[in-house]
Structures are given as C-alpha cells and as structure tokens.
1. Hey, does region 47-59 have a residue that's under 22 Å from E257 (Cα atoms) and either surrounded by fewer than 22 Cβ atoms within 10 Å (Cβ to Cβ) or among the small types (G, A, S) (or both)?
2. Taking D164 and the conditions (1) of a type in the set (D, E); (2) surrounded by fewer than 17 Cβ atoms within 10 Å (Cβ to Cβ); (3) more than 21 Å from T129 (Cα to Cα), which numbered condition does it fall short on, given that it satisfies the others?
3. For region 191-213, give me the residue count where each residue is closer than 18 Å to E142 by Cβ and assigned to a helix (DSSP H, G or I).
4. How many residues, within region 214-240, are part of a helix (DSSP H, G or I), within 21 Å of Q46 (Cα to Cα) and touching a residue at least 60 places away in the same chain (Cβ under 8 Å)?
5. With the requirement that a residue be among the aliphatic types (A, V, I, L, M) and over 20 Å from E122 (Cβ atoms), what does region 94-109 give you?
6. Of the residues that make up region 150-166, is at least one polar (S, T, N, Q), in contact (Cβ under 8 Å) with a residue 60 or more places away in the chain and not in a helix (DSSP H, G or I)?
7. Taking the options V170, V226, name whichever one is hydrophobic (A, V, I, L, M, F, W, C) and over 19 Å from the mean Cα position of the chain (by Cα).
8. Of the conditions (1) at pLDDT 95 or above; (2) farther than 27 Å from E154 by Cα; (3) under 17 Å from the mean Cα position of the chain (by Cα), V207 fails just one. Which one is it?
Amino acid sequence: MTFWESLPPAVSIREVGLRDGLQIEAPVPTSDKLRMLEAIVATGVQRVELTSFVSPRAVPSLADAEAVAAEVHRWPDVQWSALVAGLGGVRRALAAGVHDLELVVSASDTHSRANVGRGTDESMDLVPTVVETTHAAGGRVELMLAIAWDCPFEGPTQPATVLDLVRRGVAAGVDAVCLADTVGTVTPGRLVPLVQAVQDEVNGLDVGVHLHDTRGMGAANALAAVGTGVTSLDSSVGGLGGCPFAPGASGNVATEELVYLLEGSGVATGLDLDAVLAAAAVAQDVVGHELTSSLLRAGRPRPQLPGGQKRGGDAAE
C-alpha cells in the first residue's frame, strides 16, 4: 500500500482563527470578530475554537470572550470550543456556555511560566480538577500540549517528557490530546515518531495536531500527521496567529491551504474552499494587514484562455 492509499478518507478541521489567530493582534472590535465568525461558519466547518478565557491583562485581544460566546447560539450545529489555562478560565467558559475546553499545558517549564505563570507540574496538578469540573457540567477536556517538539527557551523537548504528560492526562480522564508545534520548528521526520508514540499511549483517545507554519513546514507536517492516522487538525484562515509568549512563534497553517492540500490528496474536509478563501479575506480586512497565506494571495487555479480571457467568455461572438 502506498502512502496515498493509506490516508484516511476524511479529516476534521478545527478553525482557530478567532482565538490563536487574533491573540497576537491588536484588539479588534467584537463586531468585527462576529463578521469573521459569520464568514468562518459559512465555510461548512463543524469545529471552531471561539476564544480563550484567560486574563484580559495578559491577552487583551481576547478580553471580550463572554461577549463573543454569547452569539454562538445562532449556529447550534457547530461544535464550539475555548482555550483555558486554569480553573478560573474553566469556570468562566462554562458560565458562558462553552463546554468543550482545551486545557493548555506546556511541555517546557520555562515556557509554561512565561505562558501561564506557573510550572508544568503545577499545571498538570490542575488537570484532575479541571476534568471533574468540566465533566460535571456535561463538557469535555482536551489536553493541549504546547511546545511538544521545541521550546524557544530550552531547545528540543524530550519525547519522554511529552509521553509522561500524556500518561498523566489520560490517567486524569482527559477526553482527547493535541500536540502543538507552538514555534513552528518541527519537520515530518521528527513529527511522525512522537505522534505515533502518543497514539500508542492514549487508549484509543483522539490525538490531534496544532501546527504553525513559521518555517514553511506546516503543510508538510499536516500531511505527515494525517499519514499516521491523525484526523483532527487545527488551522487558521489566512494563516493568522502565533503565541505571544514564545519568541518567533508566527502564524498557523492556513485553513485554505490545508483544505487545498487534503482535498487534492483525496482526503475530504467538508469545507468549501471558495468560502474559506472568502473568510480569509474577511480576516485580512479585520486585522488590517496582509496575511501570509500563499493561496490567499494567488487564489485557486482557474483555467484561462490565452490573453487572460477566462473560459466560458463570449469574446468570440
């Protein structure tokens, strides 16, 4: 069986532009976020990371988390999630009606202290209570392991460290695990062994990936991950995003480029590419600067006749 024949028939993309995409941007009005949200929902995406319930002082661009969450009742068929870093965020999210939570824990102690103000072990100690509190409210908890491959402060993350955190999370009752290439340094040759090792540890739980395209490896890493059987991937319209607490951690994999890649490889995403490109254009307008997505700049291929006349034109009449 070839690599292409081994790919799954379909994957589930989680759009993270509203959270990871906007967290390093200057604050934009809630009305513009809702304009972005409407365009994102129009793509057909079924999972959307809406916001992050963290300190408004630390991430002022997401200070309106409750206001944004108050609008999602308009789209009852979408699975909404939010990032949290501690119990305060959990309680805020649940009170706002968001029950699908991603608890971020950094695999690097230095990054953890920069990101959430406490060490990795201290964050992991919160996991059982977060799981218990969220499950009692009918929700689910995904353990989001940041800096899964490399840390901008400490260098390469040891796979044994990640596997230990995964085991502790599974023992505490998390519902899924996601590995984040927070600073966009990994390549397929390093990505695949860790993903496979984590898959072997989770007793059948879903293992997803959150990839950044900082060094142009996002699409290659995504395809490599799907080749291991990963069917849950994060991406952001236009390639928006980055971690404000990790130097050099620029943009996510662009949703439109991921859809273009996967659909062209025979893997269904359920997203309409033209609608995704339209949503990326809205996001670009909202943030007020050009985004990094090559597909957004070039557009999808459309056959043209010599001289620039599009097929189907009536110039010969």
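1. Step one: list which residues in region 47-59 are under 22 Å from E257 (Cα atoms), which gives 47-50.
Those still in the list that are either surrounded by fewer than 22 Cβ atoms within 10 Å (Cβ to Cβ) or among the small types (G, A, S) (or both) too: 47.
Checked against the condition, which is being under 22 Å from E257 (Cα atoms) and either surrounded by fewer than 22 Cβ atoms within 10 Å (Cβ to Cβ) or among the small types (G, A, S) (or both), region 47-59 yields at least one hit.
2. Every condition holds for D164 apart from (3).
3. 4
4. 3
5. L94, A95, A96, V98
6. no
7. V170
8. (2)
The values are calculated or read from the model by the stated rules, or taken from the named source; none is laboratory data. Everything quoted here is computed from the prediction, not taken from an experiment. Reconstructed Cβ throughout: ideal geometry from the backbone, glycine too, with neighbour counts over all protein chains shown.
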